[in-house]
Amino acid sequence: MQFHTKTPEQTLRDLQATNHGLSASEAAERLQQYGPNQLTLRGEPLWKKILEPFANIFMAVLFLAAVVSLWHHALFDALIIGGIMLANASIYYVQRFSTERVLRALRKHDKLLVDTKRDGRQVRLDAAALVPGDIILLEEGEKIPADCRVIEAASLRLDESQLTGESLPIDKQADPVEDGAELYERTNMLYQGSFVIGGRAVAVVTDTGNSTEFGKLASLSVAPDEPSPVERRINALIAALVRVIACIAAAAFLLALYRGMDITEAFRYVLALSVSAVPESLPVAITVVLVLGMRRMAKKKALVKSPTAIETIGIVTTIASDKTGTLTKNQLTVQDLWSPDGERTILPALASSVTPRVGKTRDPLDQAIDNYLSTLRKGHRKQAAPPLLVLPFDQAIAMSGNVFHDGDKFYLAVKGAPERILDQCRLTQAGRAAAEKRLHAYTRDGFRVIAFAHANLATPCKSFAALPKHLSYTFDGLAAIADILRPEAAAAVKKARAAGVRVYMVTGDHFQTAFHIARQLGIAEQEDEVFDCRHMTGLSDAALTKVTETTRVFARVIPENKHRLLTILNQQQVTAMTGDGVNDVPALVGANVGLAMGGGASIAKDAGDIILLDNNFRSIVEAVHEGRTVHANIKRMVAYLLSTNAGEVLTALCSLAAGIPVPIVPVQILWINLVTDTCMVIPIGLEPGERHNMNRPPKPANAPLFSRFFLGRIAVTAATMATLTLGIYLYFLGSHGVDYARTIAFHALVIMQWASAFNARSDYESLWFRLRRFSPAFYVGLLAAVGLQCTVLWGGMHTILHTVSVDMTDLLFAGGCAFFLPILVIECHKWIGRHFFGKGHVVQSTFAAKART
């Protein structure tokens, strides 16, 4: 129901409640009907959780590979492939557990006791026992236990920043609010999770548990069951690979039969050939690279909870940043002072206006003024004496004040809304015009403005209502209040835009305040780049999509707006969302990468994929750099494995087509795939980033993993390997026989894998320049691969791998050709890419160019 549109009496009638509270029996019935005031979340069958990680293309291919290995009685190979499958499933289970922590955090509450009316008496109950219709009593410092409608209010002010993102306190009252008012405009409603920072209230509970606004976040915070953008690209590539392998297997089977091979032997050979085309070591390699990437990012104060978040943030095209606590410190400060009589008047007025601390919480405005004065007191300024009486904030006149005793006289110091205070002050026409001019200048710059005044009293008064009706005030001046910007935020925004990443600011602040902050940060330059989200409800998804193309700042945002906005952006962009409050949770989960601030709410940290432990926006740029390095390395690993595996398959197909004995037998192919490739592919994934990593725009969200030119690289590499292998094999076949030629071809093919690994260290940067960047992991992997191959030569593995002893001169000749010729061919391909296709050059995006102006 829209309780904010009803009067207190209508609300009580609709809830079948009275000012005396519910009876014990009625409360028990409602507790049975509505359940405890706790979040309950839908579960999922255990069998589905267990089987889900195995329901994808990659797992199906690996399962087929394991079956083929068992068919060949290669138990060791089957165990390795089975271990890979279990490792992938374990990673999924860990990720699933991390996601479910978000839901458990939403459900978890500290025990909260609330003053409630039951059977006409005031009792203290656990918040979990509250039901709709309960009458509760709230005072300063208390947390709102459920969604409530205000029945009575006395100078009531709430901090709703965790829900709405609004830094400033919100005034609450009991009068009805018009229909269609947004969440932050419903001044007669109290929402679970907010805090009372001033005044007191009597309220009736309207919603509990999942029905509260806080509870609705739970339904929005369930992560979509979708793979990451990088996973989608790799899955699409693997799906295409499966189709290609099926065609190759059919062609190879027909060729084998045509060449007179026995049908059973042909079938076994084709199965082994098919398995050789599958990059079995890729899942383990990606896992190792991501885990080590997580460790590197942890050293940079970025805690990664989901391994896939590292690779995803590397292709992020859009960062939607919350303002409060992310770009700002969520700490109000006095930014400027103005007084018609100068500093000597305004500073004592500030000191006299501060309300003394009462209870656990404090009005942020009083805290801001007190902090400002504390800084000045280091210069030995006099501190104001404690007030005789405190007049709480009165919504009717928008003021608060303190009464002081000065000898035999009394005086009142007030602060509040500038328009109201100016109306009460003795000012000349010129004086008022000067004050209004400064007021408009402050508001135009997005500041919250507070006015100060004082008046002499004949006798002390305990409330504003007791003051003389025509009391005349003396105007003391104005203070401009604003949230503090994080000092590193503007530079971080500039670096992100230089990297081609679009930056949005998403905030609950007013239009002008949002624009002023965005302009300081370099996010927006004109007011037409700011969108007031109060107009979002009437927009279709298509219209909102057009808005996102020209807008850089979204003001007056509520949690549902953030969730919808991220849904729209996710359709065409790879998004990262930053946040630190409860109101950010749905968007953190809905984004491709959720970036939570370490100093934020625990639920936001549970919802995020990456937690910035130092609350530093600059860490986002470092995370993007690390992510781009990891993503580029994963792409290189995939390219390396596809090119080498394709070379093996092409070698086998060409030998069948030519009608010659196959140069590589199945067990040798499996050795190369499971041993040699594994030693080299992980070091490729640990390569340091290229020099211009952060000076290129990210690829579009729907871009394939490889460009056509890079696919040509894979094809050229595979063709070179196949040509050299067959050439070397045929050279020795005529003079030394099949076994000798096959052994030389096998070793040559392994050495080609090493050469291909050197080429794979960079996409387009010359190998000669890349060698200057020393990579310990690469040379350790190379040493391991060489050592394992030496065991084949001299370790007594001839019987297992079907090899024979060979002359060292022949091996050196074949090995030299196998190592240097592939490097020469691929270096030529890189040179063509750099000089004729603009590959590897720094390409500045429009965002980068704009950021540099």
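Quick notes on this one:
- The helices (runs of 4 or more DSSP H) found entirely in the range 662-761 that carry 2 or more residues being in contact with a helix residue (DSSP H, G or I) (Cβ under 7 Å, 6 or more places away or on another chain) and under 22 Å from Ala777 (Cα atoms) are 677-684, 738-760.
- Restricted to the range 553-565, and to residues there that are in contact with a Pro (Cβ under 8 Å, 6 or more places away or on another chain) and open to solvent by less than 10 Å² (accessible area, probe 1.4 Å), the residue that is nearest to Ala309 (Cα to Cα) is Lys562.
- Criterion (open to solvent by less than 10 Å² (accessible area, probe 1.4 Å) and not in a loop (DSSP other than H, G, I, E, B)) met by exactly one of Val196, Val123, Val131: Val196
- Set Thr545, Thr537: member being of a type in the set (Ser, Thr, Tyr) and either modelled with pLDDT of 90 or more or part of a helix (DSSP H, G or I) (or both): Thr545
- Members of the range 587-602 that are open to solvent by 10 Å² or more (accessible area, probe 1.4 Å) and modelled with pLDDT under 85: Val589, Gly590, Gly598, Gly599, Gly600, Ala601, Ser602
- Matching residues in the range 426-457 - criterion: being of a type in the set (Val, Ile, Thr) and touching a Pro at 6+ places or on another chain (Cβ under 7 Å): Val449
Residue by residue, here is whether (1) without any contact (Cβ under 8 Å) to a residue 12 or more places away in the chain; (2) closer than 24 Å to Ile620 by Cβ holds:
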{"site": "Arg486", "(1), (2)": "no, yes"}
{"site": "Ala499", "(1), (2)": "no, yes"}
{"site": "Arg502", "(1), (2)": "no, yes"}
{"site": "Gln520", "(1), (2)": "no, yes"}
{"site": "Met536", "(1), (2)": "no, no"}
{"site": "Leu539", "(1), (2)": "yes, no"}
{"site": "Lys546", "(1), (2)": "yes, no"}
{"site": "Thr550", "(1), (2)": "no, yes"}
{"site": "Val553", "(1), (2)": "no, yes"}
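- Within the range 692-715, if we keep just the residues that are of a type in the set (Lys, Arg) and more than 15 Å from Leu642 (Cα to Cα), the residue that is nearest to the chain's Cα centre (by Cα) turns out to be Lys699.
- Test: residue in the range 157-177 that is in contact with a His (Cβ under 9 Å, 6 or more places away or on another chain) and at pLDDT 85 or above: yes
- Among the residues examined, Thr537 does not qualify as of a type in the set (S, T, N, Q) and either within 29 Å of Ala703 (Cα to Cα) or touching a helix residue (DSSP H, G or I) at 6+ places or on another chain (Cβ under 7 Å) (or both).
- Flag if Thr513 is open to solvent by 10 Å² or more (accessible area, probe 1.4 Å), more than 28 Å from His625 (Cα to Cα) and not in a helix (DSSP H, G or I): no
Yes/no per residue for (1) aliphatic (A, V, I, L, M); (2) modelled with pLDDT of 75 or more; (3) outside any helix (DSSP H, G or I):
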{"position": "His4", "(1), (2), (3)": "no, yes, no"}
{"position": "Thr18", "(1), (2), (3)": "no, yes, yes"}
{"position": "Ser25", "(1), (2), (3)": "no, yes, no"}
{"position": "Arg30", "(1), (2), (3)": "no, yes, no"}
{"position": "Leu39", "(1), (2), (3)": "yes, no, yes"}
{"position": "Gly43", "(1), (2), (3)": "no, no, yes"}
{"position": "Ile50", "(1), (2), (3)": "yes, yes, no"}
{"position": "Met59", "(1), (2), (3)": "yes, no, no"}
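- Residues being modelled with pLDDT under 60 and in contact with an Asp or Glu (Cβ under 9 Å, 6 or more places away or on another chain) are represented in the range 75-97 by at least one member.
- Identity of the residue in the range 608-628, open to solvent by 10 Å² or more (accessible area, probe 1.4 Å) and in contact with a Gly (Cβ under 6 Å, 6 or more places away or on another chain), that ends up modelled with the lowest pLDDT: Asn615
- Of residues in the range 762-773 being part of a helix (DSSP H, G or I) and either out of contact with any Asp or Glu (no Cβ under 7 Å at 6 or more places or on another chain) or at pLDDT 95 or above (or both), the one surrounded by the fewest Cβ atoms within 10 Å (Cβ to Cβ): Trp768
- Annotation: Thr791 fulfils all but one of (1) surrounded by 14 or more Cβ atoms within 10 Å (Cβ to Cβ); (2) under 20 Å from Ala745 (Cβ atoms); the unmet one is (1).
- Complete set of residues in the range 292-314 that are surrounded by fewer than 24 Cβ atoms within 10 Å (Cβ to Cβ) and touching a residue at least 60 places away in the same chain (Cβ under 8 Å): Leu292, Arg296, Met297, Lys300, Lys301, Leu303, Lys305, Ser306, Pro307, Thr308
- Among the residues of the range 412-462, the one identified as of a type in the set (Ser, Thr, Tyr), under 22 Å from Asp366 (Cα atoms) and modelled with pLDDT of 90 or more is Tyr442.
- Only residues that are of a type outside the set (D, E, K, R) and open to solvent by 40 Å² or more (accessible area, probe 1.4 Å) were counted across the range 453-483, and they come to 12.
- So Asp580, is it surrounded by fewer than 24 Cβ atoms within 10 Å (Cβ to Cβ), acidic (Asp, Glu) and out of contact with any Cys (no Cβ under 8 Å at 6 or more places or on another chain): no
- Of the residues making up the range 714-732, those that are open to solvent by 40 Å² or more (accessible area, probe 1.4 Å) and of a type outside the set (Gly, Ala, Ser) are Val716, Thr723, Leu730, Tyr731.
The values are calculated or read from the model by the stated rules, or taken from the named source; none is laboratory data. Bear in mind the structure is a predicted one, so any value in this text is a computation, not a measurement. Don't worry about glycine lacking a Cβ; one is built from the backbone with ideal geometry, like all the others, and counts go over all protein chains shown. Surface areas here come from the heavy atoms of the whole protein model, side chains and all, with no ligands, DNA or RNA. Shrake-Rupley method; radii C 1.70, N 1.55, O 1.52, S 1.80 Å.
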